[in-house]
Amino acid sequence: MQRSTLNGRPTARTAAALSAAALVLAACGGGDGEDGGSGGGGGSSDAAAATSLADFGDLDALVEAAQAEGTLNVIALPPDWANYGEMIDTFSEKYGIEVVSTLPDGSSQDELNAVTSQRGQDRAPDVLDLGTPFHHQAKAQDLLAPYQVQTWDEIPEGQKDPEGYWVNDYGGYISIGCNATAVAACPATFADLLDPQYAGLVALNGNPTQATAAFSGVWAASLANGGSLDDIGPGIDFFRQVKDVGNFNPVEITPATILSGETPISIDWDYNNAGLTDDLADQGAEWQVAVPADGLFGGYYNQGISAFAPHPAAARLWQEFLYSDEGQNTWLGGGARPVRLPAMEAAGTADADLLAALPPVEGAAEFPTAEQETAARDVVAERWNAEMSG
């Protein structure tokens with residue numbers, strides 16, 4: 001996934017490598033240093049072993065333990081992505097805990113690299129926000145600690161590891177964003193993207209071999225062109241068509257390229273595209289967002305606690321906050337769809353105004369299995385660069 005949009009939003013946050021080779025990138029930084037042993041920094045061993053709030057007694061006891069640690073280390077969380085800036089500020093102010101945010105433009109692979117390379121150091125990540133392919137990798141490498149939040153039962157089955165090693169957090173649908181100030185008639189479907197009027201204007205959010213958002217855009221295009229969750233090939237065929245008719249633009253999307261009209265059509269998650277509306281309006285551009293009914297594809301990102309978190313109590317309090325109504329509504333405020341949204345809608349605790357601001361979606365999306373994702377990644381790794389380069 002690539003978190004690349006506007007207003008200072010980094011372009012490499014989610015440039016998570018999707019090929020097999022990318023999954024074995026060398027770890028960044030140094031190895032275990034003298035800052036601590038393999039168990040992490042100054043956190044409590046009891047907190048590190050906690051698998052639910054019951055292990056602390058109650059929320060007050062968890063808060064007290066987290067405040068004694070005083071710090072939470074997060075990584076690869078751009079403040080303008082899914083409202084993470086507000087999430088971090090609210091958590092810090094609510095509990096009086098300093099949040100140290102590093103590498104905001106990092107990738108999921110960067111996160112895993114940091115867990116291994118900084119193991120035993122006080123600066124190591126406490127918590128992780130990972131693209132879907134990477135939570136399976138992290139669990140397989142024993143990098144995650146199991147934990148079930150208070151609202152565990154309201155998280156649908158299939159969107160969480162049964163033991164709590166990872167949990168879906170927020171997600172959305174692939175969408176088409178369009179600068180209506182620069183484009184006479186904005187596209188609303190994948191089929192529209194072949195129209196000659198969009199010559200050189202259609203951009204994906206990154207390279208599908210490296211960025212999950214772009215990879216998901218190809219999969220959505222596959223669904224729109226006779227493909228399936230078992231067959232991403234038609235999506236590659238489609239974008240080759242877009243290229244052949246002269247509409248595809250491989251230029252990286254930036255505020256400047258969108259506002260200049262160079263890349264006014266952005267295929268990205270709906271919460272990324274929707275989140276640009278106010279920023280672009282302030283700069284005189286009308287931004288429209290459509291979730292294409294002919295290629296409805298949804299996806300989630302995932303939370304996990306590092307097995308070597310130097311602040312294990314703060315890490316668990318962060319999870320409790322994220323999956324509370326307050327945390328879930330904060331993601332909703334960023335245009336993302338939090339995993340507990342169905343339960344919150346039923347209970348009347350989802351913010352109605354924020355819900356109304358979400359781009360409309362027709363139909364129901366299916367989510368790929370880990371096996372389907374692995375197979376699709378292999379196809380994209382083999383075909384995309386070979387067929388789209390040049």
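Computed extension gain for T102 through D153, at 0.36 nm per residue and net of the alpha carbon distance, reaches 15.2 nm. Using C-alpha pairs below 8 Å separated by at least 6 residues, the relative contact order for the chain is 26 percent.
Using θ = phi - 60° in the Karplus curve 6.51 cos²θ - 1.76 cosθ + 1.60, the 3J(HN,Hα) couplings for the range 372-384 round to 5, 5, 4, 5, 5, 4, 4, 5, 5, 4, 6, 9, 4 Hz; x is entered for Gly and Pro.
Take the Cα of S52, step 7 Å toward its Cβ, do the same at D325, and the gap between the two points is 2.2 nm.
Of all lysines in the structure, the ones whose alpha carbon falls short of 27 Å from that of K160, not counting any fewer than 8 places away in one chain, are K94, K139. Among A220, A352, A48, which one shows the highest mean-square fluctuation when the chain is modelled as a Gaussian network with alpha-carbon springs under 10 Å? Between A220, A352, A48, it is A352 that shows the largest mean-square fluctuation. With an a/c value of 1.5 or above and a/b not larger than b/c for the gyration tensor axes a ≥ b ≥ c computed over the alpha-carbon atoms, the range 212-272 is described as oblate.
Measuring r between the beta carbons of A293 and L59 and using R0 = 45 Å, the FRET efficiency lands at 0.60. An oblate overall shape is assigned to the range 287-390, the ratio a/c of its alpha-carbon gyration tensor axes (a ≥ b ≥ c) being 1.5 or greater and a/b not exceeding b/c.
Each residue of the range 269-285 was assigned a 3J(HN,Hα) from its phi angle through the Karplus curve 6.51 cos²θ - 1.76 cosθ + 1.60 (θ = phi - 60°); the sequence is 4, 5, 6, 5, 5, 5, x, 7, 3, 5, 4, 6, 4, 4, 9, x, 10 Hz, with glycine and proline shown as x.
Under 16 Å from a label point set 7 Å out along the Cα-to-Cβ vector of E362, the amide N atoms of the range 196-239 belong to 224-225.
As a rough guide to protection, the peptides 160-173, 242-255, 372-385 ranked by mean Cβ packing within 10 Å, highest first, stand as 160-173, 372-385, 242-255. Between the helical axis of 212-223 and the longest alpha-carbon principal axis of the chain there is an angle of about 50 degrees. Here the label points at L355 and E382, each 7 Å from Cα along the C-beta direction, are separated by 4.5 nm in the simple model.
Net length available on complete extension from T374 to A185 is 64.4 nm, with 0.36 nm assigned per residue and the Cα-Cα distance removed. Label-to-label distance, R240 versus D89, with points set 7 angstrom from Cα along the beta-carbon direction: 4.8 nm.
Where a number appears in this text, it was derived from the coordinates with a stated rule and is not lab data. Please read these numbers as outputs of a predicted model, since none were measured by experiment. Because the Cβ atoms are built from the backbone with ideal geometry, glycine has one as well, and the counts that use them run over all protein chains shown.
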